[in-house]
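Each reported figure results from applying straightforward, stated rules to the coordinates on display, with no laboratory input. The model shown is predicted, which means the values in this text are computed figures rather than measured ones. For neighbour counting, all protein chains shown are included, and Cβ atoms are generated from backbone atoms with ideal geometry for every residue, glycine included.
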Amino acid sequence: MNKETITMTKQEAERLLIINNLIEKRINGTDASKQLNLSVRQIRRLKQRVIKLGPKGIIHSSRGKTGNRKFDEIFINKVKTVINEKYPYFTPIMTFEHLRDEDKIEINKETVRQLMIDEKLWTGKKRKVSEYRSQRERKDNFGEMEQFDGSYEHWLYGVDEEQCLLGSIDDATGKITQLQFEKSEGIIPVFSFWKRYIEEYGKPIAIYLDKFATYKVNHKNAEDNKDMLTQFEKSAKELDVLLIKANSPQAKGRIERLWKTLQTRLIKEMRYREIKTIEEANRFLKNEFVPWFNLKFAVVPKGKKDLHRKNNANLEEVFSVKKERTIGNDFVVRYLNGYYQLEQEQPLTVLKRSKVTVETRISGEVKIKQRGKYLNFFTLPEKSKREIETMVPALTRKKSDWKPPVNHPWKDASFKRRIAIINSR
């Protein structure tokens with residue numbers, strides 16, 4: 001007689017032992033129900049199956065059979081073809097979304113992942129176990145804090161040089177508020193970024209960023225001298241926006257997590273759309289990607305208020321690089337290899353060797369300011385040219401053309417004698 005081998009799990013073996021005890025009347029149905037945490041009716045069914053089929057009756061009847069929800073081979077081959085032709089460099093979740101939205105193929109995420117592993121398109125790598133860090137609670141309201149950073153990456157497929165992507169994400173909602181490709185993370189691109197932000201939303205209460213040189217003076221003397229500020233710190237102070245510097249990338253985890261998401265999704269989406277230029281990329285971000293991202297990933301904040309404040313400052317002036325310079329004896333201001341000749345007529349009295357502030361706007365325009373007034377000047381094409389005589393002691397407002405009449409007190413003889421006496425003392 002041939003013996004049949006039956007494979008059971010540990011749980012099934014324990015069940016068989018209890019059901020056998022029930023059949024042999026060592027326990028009753030209620031005891032078996034408590035031991036197996038099943039209803040009395042289910043215990044009765046299991047007992048009948050074991051009596052009829054023997055130990056095999058304890059095993060689930062669907063084991064070894066093809067599932068009712070299994071896809072047929074024709075459909076699976078079709079999906080594999082689409083994946084290989086259109087989405088070979090996508091992640092499984094991105095492939096699933098494009099199959100669902102663009103190709104109208106209904107298939108679950110796990111099946112897509114398994115198919116991509118079978119086709120050697122996905123490695124199925126496990127995540128690294130990182131150091132434990134507790135999560136910081138989100139802010140309550142929109143505009144309470146913006147996390148800001150820049151990321152250098154080969155964002156455009158097929159372009160050799162790296163591109164810089166500047167982004168801000170609201171801490172309370174997880175919403176991307178601004179995302180823009182710029183030449184670098186230098187002061188002018190950062191100024192341009194925040195000028196657009198404030199024009200659209202208003203002034204946030206705080207900005208959470210790293211200690212990159214644009215945002216913080218990293219010289220050792222800056223630790224003792226708190227007055228050493230970067231251009232960005234000066235502008236933020238003028239706007240009354242608090243800057244919070246993170247001590248580690250993990251501290252500003254939401255913006256760092258955003259970069260991981262973008263490096264996975266954005267690069268592939270732009271490659272799929274054959275985007276090759278910064279201009280095309282910025283249009284795609286504004287019109288398609290950012291609205292889609294916010295719809296998918298943004299969360300509802302605890303509070304319903306928008307804490308952005310109205311801006312009343314001149315942003316062109318605030319977001320300009322300001323440097324102090326000294327007026328020369330010839331009333332020429334030297335700045336960045338440029339020579340700026342002050343005109344003779346000015347809105348206030350301007351003296352030689354006095355200090356002025358030279359502002360470089362985002363557009364590249366240069367302004368010269370002293371005591372709250374912008375001075376009149378023109379650019380000298382060459383260093384050697386001088387337009388105002390050095391004998392002039394000061395530059396002032398335009399002199400009046402008015403002359404006193406003949407009978408004016410100034411022309412009276414007694415008045416002249418009094419002036420002469422005063423001058424002789």
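Separation of region 268-324 from region 79-96 is 29 Å, based on Cα centroids. Once the C-beta distance of Gln42 and Lys260 is scaled by a Förster radius of 35 Å, the resulting FRET efficiency is 0.15 to the nearest 0.05.
For region 50-192, what relative contact order do you get, as a whole percent, if you take Cα pairs closer than 8 Å and at least 6 residues apart?
On the way: 127 pairs, mean separation 17.2, N = 143.
Reported as a whole number, the value is 12 percent.
Other residues with beta-carbon under 11 Å from the beta-carbon of Thr9 carry, at +1 per Lys or Arg and -1 per Asp or Glu, a net charge of +1. Counted by Cβ distance under 11 Å from Phe319, the other residues give a net charge of 0, where Lys and Arg count +1 and Asp and Glu count -1.
Taking a sphere under 9 Å around the Cβ of Ala298 and counting the other residues whose Cβ falls inside, with K and R at +1 and D and E at -1, yields a net charge of +1. Close amide H pairs (under 5 Å, H built 1.01 Å from N) link Cys164 with Glu182, residues at least 5 positions away or on another chain. For the Cα trace of region 76-213, dividing Rg by the Kirkwood Rh returns an Rg/Rh value of 1.08.
A DSSP coil position with no more than 16 other Cβ atoms inside 10 Å describes the following GluC sites (Glu not before Pro) in region 139-191: Glu161, Glu162.
A DSSP coil position with no more than 12 other Cβ atoms inside 10 Å describes the following GluC sites (Glu not before Pro) in region 235-317: Glu274. Set the Förster radius R0 to 60 Å, insert the Cβ-Cβ distance between Thr111 and Arg361 as r into 1/(1 + (r/R0)^6), and round the FRET efficiency to 0.05. Result of the calculation: an efficiency of 0.60.
Remark: spin-label model distance Asn311-Lys78 equals 5.3 nm, labels positioned 7 Å along the Cα→Cβ axis.
Stretch Lys234-Ile51 to full length: gain in nm at 0.36 nm per residue minus the Cα-Cα span? Display every interim value, and only then the final one.
Working: separation 183, 0.36 × 183 = 65.88 nm, distance 8.59 nm.
Here the segment from Lys234 to Ile51 would lengthen by 57.3 nm.
Taking a point 7 Å out from the Cα of Glu324 in the direction of its Cβ, the residues of region 346-365 whose backbone N falls within less than 16 Å of it are 353-359. The calculated FRET efficiency for Leu242 paired with Leu336, based on their beta-carbon distance and R0 = 45 Å, is about 0.90. Taking each of Lys352/Lys403; Lys25/Lys52; Lys234/Lys367; Lys104/Lys296; Lys175/Lys286; Lys211/Lys237 in turn, the alpha-carbon distance tops 25 angstrom for Lys352/Lys403. For the pairs Lys34/Lys65; Lys65/Lys120; Lys183/Lys373; Lys195/Lys276; Lys10/Lys65; Lys203/Lys369, flag any whose C-alpha to C-alpha distance is greater than 23 Å. Checking Cα-Cα distances, Lys34/Lys65; Lys65/Lys120; Lys183/Lys373; Lys195/Lys276; Lys203/Lys369 exceed 23 Å.
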